[in-house]
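This report concerns only the one structure given below.
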Amino acid sequence: MFFVLLVFVQCNTEKKESMKYPETRRDTSVFDDYFGTKVADPYRWLEDDNSEETKAWVIEQNKVTDAYLAKIPFKSKIKERLEKVWNYEKRSAPSKKGEIYFYYKNDGLQNQYVLYKTTDLTSDGEVFLDPNKLSEDGTVALGSTAFSEDGKYMAYTIARGGSDWNEIYVRDVATGKDLEDHVEWVKFSGISWNKESTGFYYSRYDAPKKGGELSNVNEFHKVYYHQVGTPADKDVLVFEDKKNPKQNCYGSVTEDGKYLIIGKTQSTHGNAWSVKDLTKKNAPLVDVVKEFDNEYNVIYSQGDILYVLTNADAPKYRLIKIDLKNPAKENWTDVIAESDAVLEGIDAANGNFIVNYLKDVHSEISVYNYEGKKLNDIKLPDIGAVTGISAKNDQSEIFYTFTSYTMPARIYKYDMAANKSEIYFEPKVDFNPEDYETKQVFYPSKDGTKIPMFIVMKKGTKLDGNNPTLMYGYGGFNVIYKPGFNVSRIPWLENGGVFVNAHIRGGGEYGEDWHKAGTVLNKQNVFDDFIAGAEYLMENKYTNPDKMAILGGSNGGLLVAAVVNQRPDLFKVAFPAVGVLDMLRFHKFTIGWAWVGDYGSSDNEEQFKYIYKYSPLHNIKENAEYPAIMVTTADHDDRVVPAHSFKYIAELQHKYKGTNPVIVRIESNAGHSAGKPTSKQIEESTDMWSFAFFNMGIEPYK
């Protein structure tokens, strides 16, 4: 023990010395002119992820990061604990097709979940598809699955190395063997079978230019129909819009097989949509909504009636009924009107609707009939979130998954007739929820808006202002990170750490108004909300600036980097993960153009002036004492391209003259986050907790 402590003290002293970072070439001749404002971009060359210079730079940066992390003496203890607590059986709720149930299971440390099939819910059944056998390192992930109406086929997608690009295959359910069908260059797509089970609808782009697969702008999304047993180059083009290259489109068939719904989007919120009657030969595609101002999700069809969940004239959403014989907006009628809670989701189930509300960021679910009459509430075990409902209108078996910050995801089977839930599956984790508590507070932001925030910690934690605290935030795109158990947080909580989730504006916690209050020219509200949350934690003696860490990914990575620039004095450690960090050029890569609805664009003069004031890359200060920063990204991230993180860390290392480490962790053969194998998740969590504890001067697991 003495030796371990001695090494810890020595290493903690070493980290106070100025770090030496790789030399990053600055090309001072590169700049852009935005409405008369010249903005230098000396690291433009790092946008080319295929260049030998960029590849060499990545290697040198990883050498520095790996060497820094390797000297942390307790890193192996954290990894050992993560491997132990992660090693428990995890399942998804079962879904039924014909007489067969399908569900996902991970025995514990398998890199990817395995798809099983069974005819008996008391039996595990047999493996139907194991993506772990598709690669040696677990980096091929199973994506979406869709079964034909007759249950004969399953179409499924796989993604390689974490990329958003998908491939579609078709498997024979009886034999478990794949057919020759293979579709490539699929992205941002569902799979929807026709009633006859002869084929399915999906979306794809044209094949990208070689070398630009992970960075080129994604344009001209198209909906196709694939006939089973035919080659992909014979697929039938169903819908395209040649006039609007920056528009995505989706095809889905209603549960009764009667209608094809074509949805169109130009950003990450709001969709236009059209309907085609599949029962009539050569029926036209009829526009129902041409504008992109609101969200529309067709839930169920009954004859000529469509039940649609929408936030049109209802920021917290309502369920409406549209008669396709008279589809004009003035003929729409409410089935379930807007209320003070967010109507988050609806599933048709056994002749009724299961309605999922979000009230102050926790789930409440109820049963309604098709006329909109509430029949009963479904009692939930705690304040938490329903994360999935498995139900169909023609089936009596209903399953839902519930989780909270301290409760691993449980699967419940619900008896609608008796209005009773029973536990179908409960995981066994080496973690005692009774040792911890979760409380929700509402704190005032800079403008007085009350922001909800969850705080999770050990029972009996002293509020002496000295607790290591990790604060998480997102704040964008109408996204809600609801209460949920995350096994990776156990080492933090076990060692006295406080976990905080701030539900700042920009998300969908209180509907579309809450979302819009954190977008475009209101984006500073998001940063103010987060900063106010950190100040609340300090004022109320949870922590202090020397024990405060912050984390956010993607849009949350933007959040973390922006607030670090604005208030570096508040934080000791920061993790901007796969972040949108160059706000002037984000729309020039892959699907970035779709984010303009949330961020605005540097192509607009007013928006440029606003964005330029907070863009993380462009607001790094020369003389600020920055916290310890570990940027994380991945070489196959084609959602938020790694150039964001590359350019940001290069500029930070150039300008920052202090002693805290400012490093980048670049994962190989991984993407934005989806499909990341268990082994890589454990490694990343190990590095993150090690970095946080080490820079706070805390030794876990003494």
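The values are calculated or read from the model by the stated rules, or taken from the named source; none is laboratory data. What you are looking at is a predicted structure, and each value in this text was computed from that prediction instead of being measured. Cβ: placed from backbone, ideal geometry, glycine included. Neighbour counts: every protein chain shown.
Numbers for the structure displayed
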read-out	value
Number of the condition not met by Glu213 [criteria: (1) within 23 Å of Asp635 (Cα to Cα); (2) modelled with pLDDT of 95 or more]	(2)
Residue pairs meeting the criteria (Cβ under 6 Å; at least 6 apart or on separate chains; first more than 14 Å from Phe646 (Cα to Cα), in region 618-635; second among the small types (Gly, Ala, Ser))	Glu625/Gly658; Pro627/Ala574
Lone unmet requirement of (1) in the same structural domain as Phe402 (by TED's automatic domain parsing); (2) out of contact with any His (no Cβ under 6 Å at 6 or more places or on another chain); (3) surrounded by 20 or more Cβ atoms within 10 Å (Cβ to Cβ) for Leu319	(1)
Any hit, region 96-114, residues being farther than 30 Å from Ser148 by Cα and either at pLDDT below 95 or not acidic (Asp, Glu) (or both)	yes
Region 458-479 - residue that is part of a strand (DSSP E or B) and in contact with a helix residue (DSSP H, G or I) (Cβ under 7 Å, 6 or more places away or on another chain) and, of those, surrounded by the fewest Cβ atoms within 10 Å (Cβ to Cβ)	Lys458
Tyr68 vs. criteria within 16 Å of Ile411 (Cα to Cα) and modelled with pLDDT of 95 or more	no
Those strands (runs of 3 or more DSSP E) lying entirely in region 211-280 with at least 1 residues surrounded by fewer than 18 Cβ atoms within 10 Å (Cβ to Cβ) and charged (D, E, K, R)	271-277
Subset of region 497-510 that is in a loop (DSSP other than H, G, I, E, B) and without any contact (Cβ under 8 Å) to a residue 60 or more places away in the chain - its residue that is nearest to Leu463 (Cα to Cα)	Gly497
Residues located in region 480-496, provided they are touching a Pro at 6+ places or on another chain (Cβ under 7 Å) and not in a helix (DSSP H, G or I)	Phe485, Asn495, Gly496
Residue match in region 319-339 (condition: in contact (Cβ under 8 Å) with a residue 24 or more places away in the chain, under 30 Å from Lys439 (Cα atoms) and part of a strand (DSSP E or B))	no
Residue ID - surrounded by the most Cβ atoms within 10 Å (Cβ to Cβ), chosen from residues in region 281-305 that are more than 28 Å from Trp514 (Cα to Cα) and in contact (Cβ under 8 Å) with a residue 24 or more places away in the chain	Ser301
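Yes/no per residue for (1) buried (at least 22 other Cβ atoms within 10 Å of the Cβ); (2) part of a strand (DSSP E or B); (3) touching a residue at least 24 places away in the same chain (Cβ under 8 Å):
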{"site": "Val664", "(1), (2), (3)": "yes, yes, yes"}
{"site": "Asn669", "(1), (2), (3)": "no, no, yes"}
{"site": "Ser679", "(1), (2), (3)": "no, no, yes"}
{"site": "Glu683", "(1), (2), (3)": "no, no, yes"}
{"site": "Phe693", "(1), (2), (3)": "yes, no, yes"}
{"site": "Tyr701", "(1), (2), (3)": "no, no, yes"}
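A quick yes/no check of all residues on (1) outside any loop (DSSP other than H, G, I, E, B); (2) in contact (Cβ under 8 Å) with a residue 12 or more places away in the chain; (3) within 27 Å of the chain's Cα centre (by Cα):
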{"site": "Thr387", "(1), (2), (3)": "yes, yes, yes"}
{"site": "Ser396", "(1), (2), (3)": "no, yes, no"}
{"site": "Thr401", "(1), (2), (3)": "yes, yes, yes"}
{"site": "Met407", "(1), (2), (3)": "no, yes, yes"}
{"site": "Lys413", "(1), (2), (3)": "yes, yes, yes"}
{"site": "Ala418", "(1), (2), (3)": "no, no, no"}
{"site": "Ser421", "(1), (2), (3)": "yes, yes, no"}
{"site": "Thr438", "(1), (2), (3)": "yes, yes, yes"}
{"site": "Lys446", "(1), (2), (3)": "no, yes, no"}
